[in-house]
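The structure appears below as structure tokens.
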Amino acid sequence: MKTYLEKSPREIKRLISSVKEVSRETKMPAYLVGGFPRDLILGVRDWDLDITVEGDGIGFAEKLAKKLDSRLVRHERFGTATLILGDRLKLDVATTRKERYPACACLPLVSSGSLAEDLFRRDFTINAMAIALSGKKGWELIDKYRGKEDLASGKIRVLHRSSFKDDPTRILRGIRFMQRYNFKIEKETLDLLKEAVASGLLHRVHPHRIRDELVLMLKEKDPSAQVKRLHDLAGLSFVSSKLKPGRQTFGLFKSVNKQVSWFMEKLPCYGDFEPWIIYFAALLRPLSREEAKEIIRKLGFTATAAKKILGCRRIGSKLVKSLKRRGIKPARVFSLLKPLSLEEIIFLRSLWSDSLFRRNISDFLGVYNRLRLSITGDDLCRMGVMPGPGFRKILNRVLVARLDGKAGGRRQELALAGKIIRQLQQRSGARCPDMSVSRQR
Ligand code: ATP
């Protein structure tokens, strides 16, 4: 495996050699496991490393974090720890363990175990390989379940017959890997998967675990193909009996896909953008608002994600009509789109192909929304405004005026801001002394 690893980026090689050092110092055998060996053999770059050690995993991680001067997050309950190593590189350390499932679809009872037991508890043969990093076996690939052979022939295969019964989320994981690598599900595994689906095992899984797997599917390169395969093999009734994606949904997925690619290619300057939210909104589009809300509640999305998903539904026909109108002013486009999240805007652009409509949206994203005023919050503070909601309101109003060509340079912007502040002060009057505009001056 050494030759495979030699092709890895410098940061990864350096990290692995530190793991080897700690393993030597602590005399705890360490192994690279899970997705990393799989992707290494496939020649796919993977920045998530999983290390399993025969011994105290958290203690090992603490020593490694000290050596690398990195931050450590401990997950005491699971006996694991994560090293935070900059933007893209991540390393999880765990103790080799075995799992026992007290009942179908329940979380397992975990206890420490041998490396063989640790590999046996995994989902598929391609994910059950380990690379030894220490001792006589250094750099050796430990491949008890012929994962390398399955990688070469493109097969997804479970390790034992009760795998899907133990953990039905593996049905979703299997479909995800199958689509991602364009693999096939091995015959017996496919029979077991169908049996598990027919027995309704996915309905027994906690909805939050279902949510996590669905989000991972929607984060893959081709979410449409993921959902289509999931729908063909398992249906989606385990999420909701109302969810039956048809031709329209997959057509919308295609359009979302195009718009997301357009956005990522043309406007990479925007951070914090989550395309999976748009796909999820597309999936829920045929449902009523109440049905969509019920699914969002059941899956337990964060308040921010829920707001964005539901936000994609509140796009009204009035907004669409305005954006299709010839001669609409930039300031109007700005005030219509500014309150929406990026995800809502890209969803909107996926819904209609009208060229003027799409151009207005791209002008907003590419020009209006990136326009920077010469004045800043500091100027407003100096004018007696306290930071708060009013702060943004004032700056947006100046920006709108600027888009309409009413405020050219810094002096005009300052004058306009002053005028808006006075208006706000007059409006708040004596009734409400704090309208985010300080009255001290
Ligand atoms: P990805 O490339 O999507 O990150 P991964 O294989 O690294 O894939 P993780 O979810 O990070 O996926 O899991 C790491 C490893 O843990 C897997 O490779 C697999 O060996 C094991 N694993 C994860 N989830 C399960 C599961 N539900 N059942 C059994 N083993 C699992």
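Looking at the structure I just gave you, is residue 374 in contact (Cβ under 8 Å) with a residue 60 or more places away in the chain and either surrounded by fewer than 17 Cβ atoms within 10 Å (Cβ to Cβ) or basic (Lys, Arg) (or both)?
No, not satisfied.
Which helices (runs of 4 or more DSSP H) does the range 1-78 wholly contain that include 2 or more residues that are within 15 Å of the ligand (Cβ to nearest atom) and open to solvent by 10 Å² or more (accessible area, probe 1.4 Å)?
Correct list: 35-42.
Test of understanding: among 72, 83, 42, 68, which residue is in contact (Cβ under 8 Å) with a residue 40 or more places away in the chain and touching a strand residue (DSSP E or B) at 6+ places or on another chain (Cβ under 9 Å)?
One residue alone meets the criteria, 68.
Please specify each residue of the range 87-120 satisfying the condition of being under 26 Å from residue 193 (Cβ atoms), among the charged types (D, E, K, R), surrounded by fewer than 21 Cβ atoms within 10 Å (Cβ to Cβ) and near the ligand (Cβ under 10 Å from one of its atoms).
Once the filter is applied, which keeps residues that are under 26 Å from residue 193 (Cβ atoms), among the charged types (D, E, K, R), surrounded by fewer than 21 Cβ atoms within 10 Å (Cβ to Cβ) and near the ligand (Cβ under 10 Å from one of its atoms), the range 87-120 yields only 99.
Here are some residues: 166, 123. Which one is within 23 Å of residue 222 (Cα to Cα) and within 12 Å of the ligand (Cβ to nearest atom)?
Going through 166, 123 in turn, just one is within 23 Å of residue 222 (Cα to Cα) and within 12 Å of the ligand (Cβ to nearest atom): 123.
Of all residues in the range 262-285, which are in contact (Cβ under 8 Å) with a residue 40 or more places away in the chain and outside any helix (DSSP H, G or I)?
Matches in the range 262-285: 267, 269, 270, 272, 273, 274.
Which residues, taken from the range 131-163, are more than 15 Å from the ligand (Cβ to nearest atom) and among the hydrophobic types (A, V, I, L, M, F, W, C)?
Passing the criteria: 132, 133, 139, 152.
Quick check on my filter: what residues within the range 381-406 are open to solvent by less than 70 Å² (accessible area, probe 1.4 Å) and either in the same structural domain as residue 270 (by TED's automatic domain parsing) or more than 40 Å from the chain's Cα centre (by Cα) (or both)?
383, 384
Please work out if residue 361 is modelled with pLDDT of 90 or more, of a type in the set (Val, Ile, Thr), assigned by TED's automatic domain parsing to the domain that holds residue 271 and more than 16 Å from residue 404 (Cβ to Cβ).
yes
Return the residues of the range 298-328 that are more than 20 Å from the chain's Cα centre (by Cα) and open to solvent by less than 40 Å² (accessible area, probe 1.4 Å); say none if nothing qualifies.
315, 316, 319, 320, 322, 323, 328
Could you tell me which of the residues 200, 138, 246 is surrounded by fewer than 19 Cβ atoms within 10 Å (Cβ to Cβ), over 23 Å from the mean Cα position of the chain (by Cα), closer than 15 Å to residue 105 by Cα and not hydrophobic (A, V, I, L, M, F, W, C)?
Unique residue meeting the criteria: 200.
What do you reckon, is residue 378 farther than 30 Å from residue 280 by Cβ and not hydroxyl-bearing (Ser, Thr, Tyr)?
Yes.
What number of residues within the range 171-186 are within 12 Å of the ligand (Cβ to nearest atom), open to solvent by less than 20 Å² (accessible area, probe 1.4 Å) and within 22 Å of residue 44 (Cα to Cα)?
4
Would you confirm, using the coordinates I've provided, whether residue 194 is more than 13 Å from the ligand (Cβ to nearest atom), open to solvent by 30 Å² or more (accessible area, probe 1.4 Å), of a type outside the set (Phe, Trp, Tyr) and in contact with a Gly (Cβ under 7 Å, 6 or more places away or on another chain)?
It is false that residue 194 is more than 13 Å from the ligand (Cβ to nearest atom), open to solvent by 30 Å² or more (accessible area, probe 1.4 Å), of a type outside the set (Phe, Trp, Tyr) and in contact with a Gly (Cβ under 7 Å, 6 or more places away or on another chain).
Give me a count of the residues in the range 329-371 that are open to solvent by less than 20 Å² (accessible area, probe 1.4 Å) and of a type in the set (Asp, Glu).
Residues flagged as open to solvent by less than 20 Å² (accessible area, probe 1.4 Å) and of a type in the set (Asp, Glu) within the range 329-371 amount to 2.
The values are calculated or read from the model by the stated rules, or taken from the named source; none is laboratory data. What you see is a predicted model, and the numbers here were worked out from it, not measured in a lab. Cβ: placed from backbone, ideal geometry, glycine included. Neighbour counts: every protein chain shown. Please note that ligands, DNA and RNA were not included when accessible areas were found on the heavy atoms of the full protein model with its side chains. Shrake-Rupley method; radii C 1.70, N 1.55, O 1.52, S 1.80 Å.
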